[in-house]
Amino acid sequence: MRQVFYLLIIPLFLLAPFMGLGASLVGFDEKAQALALPVQDINNEVNSLGESVFALRESARVMTDTIVEQEKEYQEQQRILQELASRSHEYKQDSDQIYEERILAMLGPPIDSYRSNRVEIKVFKLDELGYRGYIAKVKLFDPGAVKVVLGKDTLGQTETTSSAVARTGAILGINGGGFYSSVQGGRTRIMPIGNTVIDGKLVNRDFSPSNGDVFFAGIDRKGKMIGGRFYDKASLMGLNPWQGVSFLPILIENGQPQPVPKEWKTTKQPRTIIGEYANGDFIMIVVDGRQSDWSSGVTLERLQIKLAELGVKEGYNLDGGGSSTFVFNGKVLNRPSDGRERPVATNIVILP
Amino acid sequence: MPKTEQTPNDPVSTTSPETTVKRSTVFLVLAVWVLLVIGGYYVGKLYIDRSIQSVHQTNAVHIQTMQNQLDSMAGAIEEIQLALSNADQTLATSGITQENLNKKIEALDKQLQLLAESLAVLKEAP
């Protein structure tokens, strides 16, 4: 009995520490697992963040692709616009060219011409039934090439057209506005009729309102023709006149023939005309007269018809009679009716 | 165990055979006990080490997974930065292109006006 006791007790006694150790290790694995990092929640957050980031990356890609595509479209539109502008420019040139050809077809072949970077001049002979003369078509590239010149550059003085042309070194010249004699202080002065503008300044001391059919015609600072009847200084100077003279009457305005005073209508006389085509080119016409073997002159009514045929949009009658003179390239081309050039108060010259 | 014969001159042995058996038994039991302790130590240590190693591995795997995800996100963010930078440049270029486009439109408009004027002039041709 005692031995049995020892056989049971002693092993139990001996194994007691191991049993305690074993008991303490029971569930250790599960407890040890508790030491694992709580990554599940973090993982979920990271996954969620990752999905957002990847979605954002896709959006950024789409955005970039869209922008790049838009940039390409802009460039393509730019190319198309450039092409359209280029074509439009070509069509305009064609249109200008056709108009130029139509004008030239009406004027016939030029007898002389001149071209510089400031101006292009073509000179034509006018040979109609009963009258002869010369026409200059002037294309201005620089408004400064047109100049109104007082006789000897002095108000009250006179000068022939060829003298004014030679003195200023001009290539073309015609006589200018009308004039009248005025005795002041015992001295006779030749004064321009109406208003005369040179280099943007009114030459006559006081503005002269249009009286009857007296007009002012000239060019503005951009080289465009201006003209009409002006009754106050502000309305004239408001147009920024650069050069201009006065006479009467207006022949064509906005392409429409204007009423001509009866006393001017049917008389054949030497004439000087300045006008403008629709494309801005100027036309200067001098018609000889009072020479039955050469040219009898032309009535203003007939001239209106001629100007309309030529396609002139604006036409102004300048001083005519013995004053009408046409000088080109240093030579008086027409035959002034006085048999020689008449000194006049103003001349219009085209500088080379 | 054979019994030792005692002589009169021999000192009387203080250790009886029974005691010797008992001592041997105790020694044996102690030896077994020590062996069991050592064995138990190794078994317990092995068990604990394995458990901890398992936790370490699990943690390492999780950390590695997160690291990969973060690397992937970092790459995506770099791509976004690059895309935004490119977009910014393209937008800047687009701004200039748009300006040029407007200028081209204005130029075309002007050209068309000139063409219209020219055609109007042509209408008045003789």
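The reciprocal of the average 1/r between distinct C-alpha atoms defines the Kirkwood hydrodynamic radius, which for the protein assembly as shown equals 32.4 Å. Helix B:17-123 axis versus longest C-alpha principal axis of chain B: approximately 0°, rounded to the nearest ten. Counting only protein heavy atoms and using a 1.4 Å probe, the accessible area of A:D206 comes to about 100 Å².
Report, to the nearest whole %, how much of the accessible area of region B:32-107 belongs to carbon and sulfur atoms, 1.4 Å probe, protein only. Within region B:32-107, the accessible surface is 63 percent carbon and sulfur. When a/c reaches 1.5 or more, the comparison of a/b and b/c decides; with that in mind, is region A:20-145 rounded, prolate or oblate per its Cα gyration tensor? Prolate is the answer for region A:20-145, as a/c is 1.5 or above and a/b outweighs b/c. Of the complete DSSP H runs in chain A, those spanning 18 angstrom or more by Cα along the long axis with a mean Kyte-Doolittle score not below 1.0 are A:2-25.
Ignoring everything except DSSP H segments at least 4 long, calculate the 222 nm mean residue ellipticity for chain A; use -39,500 (n - 2.57) per segment, divide by total residues, nearest 500. Don't skip to the end; give the middle numbers.
Values: 7 runs with 127 residues, N = 352.
Taken over chain A, the calculation gives -12000 deg cm²/dmol.
Would you please classify the overall shape of region A:109-350 from the alpha carbon gyration tensor, given that a ≥ b ≥ c denote the square roots of the eigenvalues, rounded means a/c under 1.5, and beyond that prolate means a/b larger than b/c while oblate covers the rest? Rounded.
What a 1.4 Å probe finds exposed on chain A is 54% carbon and sulfur by accessible area, rounded to a whole percent.
Only lysines eight or more places from A:K147 in sequence, or on another chain, were considered; those with a Cα closer than 28 Å are A:K122, A:K125, A:K137, A:K139, A:K201, A:K222, A:K224, A:K233, A:K306, A:K313, A:K331. Tell me which of A:P209, B:I96, A:V298 sits at the most positive position along the dipole axis of the protein assembly as shown, charges placed on C-beta atoms (Lys, Arg +1; Asp, Glu -1). Positive-most Cα among the choices belongs to A:V298.
Packing, as the average of other Cβ atoms within 10 Å across residues, places the peptides A:291-298, A:80-87, A:184-191, A:25-32 in the order A:291-298, A:80-87, A:25-32, A:184-191, highest first. Size descriptors for region A:221-352 (Cα atoms only): Rg and Dmax, in that order, 15.0, 48 Å. Per residue, chain B exposes 74 Å² of accessible surface when a 1.4 Å probe is rolled over the protein heavy atoms with every protein chain present.
Ligands, DNA and RNA aside, B:V37 has an accessible area near 50 Å² when probed at 1.4 Å. For region A:76-228, compute the orientation-averaged projected area of the C-alpha convex hull (one quarter of its surface), in nm². For region A:76-228, averaging the hull's shadow over all directions gives 13.9 nm². Taking all protein chains as they are arranged and a probe of 1.4 Å, the heavy atoms of B:E106 leave approximately 120 Å² accessible to solvent. Shielding of peptide A:101-109 by partners, expressed as the average count of other chain Cβ atoms within 10 Å per residue Cβ, is 1. How would region A:141-249 be classified by its alpha-carbon gyration tensor: rounded, prolate or oblate, with rounded meaning a/c under 1.5 and the a/b versus b/c comparison settling the rest? Cα axes put region A:141-249 in the oblate bin. Taking +1 at the Cβ of each Lys and Arg and -1 at the Cβ of each Asp and Glu, which of B:W33, B:L114, A:M237 sits farthest along the dipole of the protein assembly as shown towards its positive end, judged by Cα position relative to the Cα centre? Value: A:M237. Dipole magnitude for chain A: computed about the Cα centre from +1 point charges on Lys and Arg Cβ and -1 point charges on Asp and Glu Cβ, it is near 2080 debye. The relative contact order of region A:109-350 comes to 28 percent, based on Cα pairs under 8 Å that sit 6 or more residues apart. All other residues whose Cβ lies under 14 angstrom from that of A:L318 are scored, Lys and Arg at +1 and Asp and Glu at -1, for a net of -2. Tell me what chain B gives for mean residue ellipticity at 222 nm when only DSSP H runs of n ≥ 4 count, each as -39,500 (n - 2.57), the sum divided by the residue total, rounded to 500 deg cm²/dmol. Rounded to the nearest 500, it is -32500 deg cm²/dmol.
Using the heavy atoms of the protein chains alone and a 1.4 angstrom probe, what is the accessible area of region A:109-350 per residue in square angstrom? Each step should come with its number before you reach the end.
Values: 10090 Å² over 242 residues.
Result: 42 Å² of accessible area for each residue.
Count charges around A:E58 for me, please; just the other residues with Cβ under 13 Å from its Cβ, Lys/Arg as +1, Asp/Glu as -1. Intermediate results must be reported in sequence, preceding the final value.
Working: positive: A:R57, A:R61; negative: A:E51, A:D65, B:E79.
Taking every other residue near A:E58 into account, the sum is -1.
If you take the accessible area of A alone plus B alone and subtract the pair, what total do you get in square angstrom, rounded to 100, with a 1.4 Å probe? Could the numbers behind the result be given before it?
Details: alone 20160 and 11800 Å², together 27190 Å².
Summed over both sides, the interface buries about 4800 Å².
Residues of region B:55-83 with the amide nitrogen closer than 19 Å to a label point 7 Å from the Cα of A:N47, along Cα-to-Cβ, please. Under 19 Å, as judged by backbone N against the label point of A:N47, lie B:58-74 of region B:55-83.
The values are calculated or read from the model by the stated rules, or taken from the named source; none is laboratory data. Not measured: the values here are computed from a predicted model. Neighbour counts are summed over all protein chains in view; Cβ atoms, including those assigned to glycine, are modelled from backbone coordinates with ideal geometry. Side chains are part of the model used for accessible areas, which takes the heavy atoms of the whole protein and leaves out ligands, DNA and RNA. Shrake-Rupley method; radii C 1.70, N 1.55, O 1.52, S 1.80 Å.
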